[in-house]
Each structure stands twice: as structure tokens, then as C-alpha cells.
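Data block below; observations after.
The values are calculated or read from the model by the stated rules, or taken from the named source; none is laboratory data. Every value quoted in this text rests on a predicted model; they were computed, and no experiment measured them. Cβ placement follows ideal geometry from the backbone for every residue including glycine, while neighbour counts extend to all protein chains displayed.
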Amino acid sequence: MILIAASNKDVASLNIAKQILDHYDFDKVAENFQGNPVYEAYVSGREVKLVTLNNESVYAQNITSFFPNPELIVFISRHSSVSGKPTLSVHTPGNLGKEAKLGGIPRKVSVSPANAMRDALKAMQRLKEEMHLEYEVSYECTHHGPSLDTPAMFTELGSSPKQWEDSKAAEAVAHATMEAVSKFKLSKATAVLGIGGLHYNRKFTEKALKSETAFGHMIPKYAMEDVDEEIIRQCVEKTLEKVEFAVLEWKGIKGEHKGKVLTILESLGLPVKKV
């Protein structure tokens, strides 16, 4: 079973959920969740449930207590940024550092579905062009909760209230979400770990869009103070697919951290490519 999770606390999330229900053959079922309707469809032979949480998605740490053993969880969500730049984005949840300010567990990441994220990213890019959306499409680095032992990803619409209410952009995120769901475990791009650069990593995004490379966890420059062998090992092991190598945005790693990163990757036996 694949789970798509929306949130009553999130305008963009409800907007995306409405677009999914408007464009795909989901049926309302007898069960409910937290007092909210549950919808079900069969996509590529898999059961897919669409549920709505009463809390913010970042705090859904116990979601697998209610829906045990999902193959994949996709949180449809708003994206917020100070810049307010219109953005369609995708990332894995989890906390790389010692704090869990926005849900999850400190120093614990979710399982990253690298190919599903790339499928969503590629669909967002295609739909942006087909629908003439003035939006950027981007990977985001691993951040915020929940921290799950299950493949989990966020597909997001941002970055301000104006975009959250944009039904056309929400439709693009809905289609991208469903494309990732329909292709789950069918796509076979090479899974990699990304290290370095900014939170919105343009180089990793371009590489995924232009080559058969699927990024799982991505560790930004700002998180490197907290990163050690345990975290990098976790990011490798908690990727759904086998991670074949690490891609380093070399200029986007501080000099003081470069040696540490290379030593850790060597100890893990993970080859390195630089961009």
C-alpha cells in the first residue's frame, strides 16, 4: 500500500489533495482517519490511500502506527521560504542535526525513495513547461520531520500564501505526486548521495533532470558541522535503492570539512564524483 498524506493545517496540502481527487479515480471508503474521509484507488496494481491529518505533516511521527508497513508515504505539502519565490520541490524528511525543531527525531532521517523523488521532480519540470507555470523546480536537502523507517518524501508547493492557493500549480504537484506513485519501483536511475551546496541545490537538480541519476539524501553545506560518519552512513543505508556513489558539490563544501567528508566516504567504500 502507498499512502498519500495531506494536512488540515495546510492550505497548499488541501489544494493538492483536491486536485488529486478531481483528476484521479479515488473512491471514498467506509473508514475514516482522525475524523476525516479516507479515499482509495488502485494505481499500477497497487492500493493507494489518500488520508488527511489533523496536525502538520512534519509532526506525523506516529503515522505508521495507524497505517502499518506502507511501501511509500508521500506528504503533499506547502513549502515556505523568506523569499516567497514560486517553487515546486521534492525532498526526503529527517533531521541531520542534534535538534528536531520541526518534528521527527534528532539525528535520524527517513528512508529516501531516490527514484520516486526523481520521477516527481522530472514530472514537475515537464508540467511547469506544459502548463506555462512561472515556478522554479528544485530538490531540497533532507530536513524536518518526520523521521521514519519507511520510504517517505514530500512533494511541495511554495513558497507563500499566493502560491499555496494557486490551483493550477497545485494540479502540477498533484500530477507529479501521482506519477511518482504510478512508477514506484519501476524507474531504475542510479541512486546517489548528494553532499554540499545550498539547501535548494541547483546542480543536483540539473544532474537528476539531465542524466540517469537519482539523488536520495542531500546534505547541505550548512549542516556539515553536525555531520559525522554515523549520519553519512545512515543516509546511505536509509536510501531505498543501493547508493552507488556520492556526488559532492566541491565548491559548496567548506575547506575545513572537505577532508572529513572524503575520509568518511572512503571508510564507507563509497566512490566520489565532484560537480
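For every residue, the table says whether it meets (1) closer than 20 Å to residue 205 by Cβ; (2) assigned to a helix (DSSP H, G or I); (3) without any contact (Cβ under 8 Å) to a residue 24 or more places away in the chain.
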residue	(1), (2), (3)
48	no, no, no
51	no, no, no
70	no, no, no
73	no, no, no
78	yes, no, no
85	yes, no, no
89	yes, no, no
99	no, no, yes
105	no, no, no
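Take the conditions outside any strand (DSSP E or B), farther than 28 Å from residue 204 by Cα and modelled with pLDDT of 95 or more and apply them to residue 119. Does it pass? No: the conditions fail for residue 119. Among the residues of segment 176-212, not one is part of a strand (DSSP E or B), out of contact with any Asp or Glu (no Cβ under 8 Å at 6 or more places or on another chain) and surrounded by fewer than 21 Cβ atoms within 10 Å (Cβ to Cβ).
You will find that of 188, 207, 168, the residue that is out of contact with any Lys or Arg (no Cβ under 7 Å at 6 or more places or on another chain), without any contact (Cβ under 8 Å) to a residue 40 or more places away in the chain and among the basic types (Lys, Arg) is 168 and no other. On inspection, residue 173 passes the criterion of being touching a strand residue (DSSP E or B) at 6+ places or on another chain (Cβ under 6 Å) and either assigned to a helix (DSSP H, G or I) or without any contact (Cβ under 8 Å) to a residue 12 or more places away in the chain (or both).
Residue-wise test of (1) surrounded by 24 or more Cβ atoms within 10 Å (Cβ to Cβ); (2) at pLDDT 95 or above; (3) not aliphatic (A, V, I, L, M).
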residue	(1), (2), (3)
62	no, yes, yes
84	no, no, yes
136	no, yes, yes
151	yes, yes, yes
157	yes, yes, no
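Checking each residue in segment 158-190 for being of a type in the set (Phe, Trp, Tyr) and either farther than 16 Å from residue 214 by Cα or over 15 Å from the mean Cα position of the chain (by Cα) (or both) picks out only 164.
The set of residues in segment 223-248 that are surrounded by fewer than 20 Cβ atoms within 10 Å (Cβ to Cβ), modelled with pLDDT of 95 or more and not hydrophobic (A, V, I, L, M, F, W, C) comprises 228, 229, 230, 233, 234, 237, 242, 244. Looking only at segment 22-35, decide whether some residue is surrounded by fewer than 22 Cβ atoms within 10 Å (Cβ to Cβ), small (Gly, Ala, Ser) and more than 24 Å from residue 109 (Cβ to Cβ). Yes - at least one qualifying residue is present in segment 22-35.
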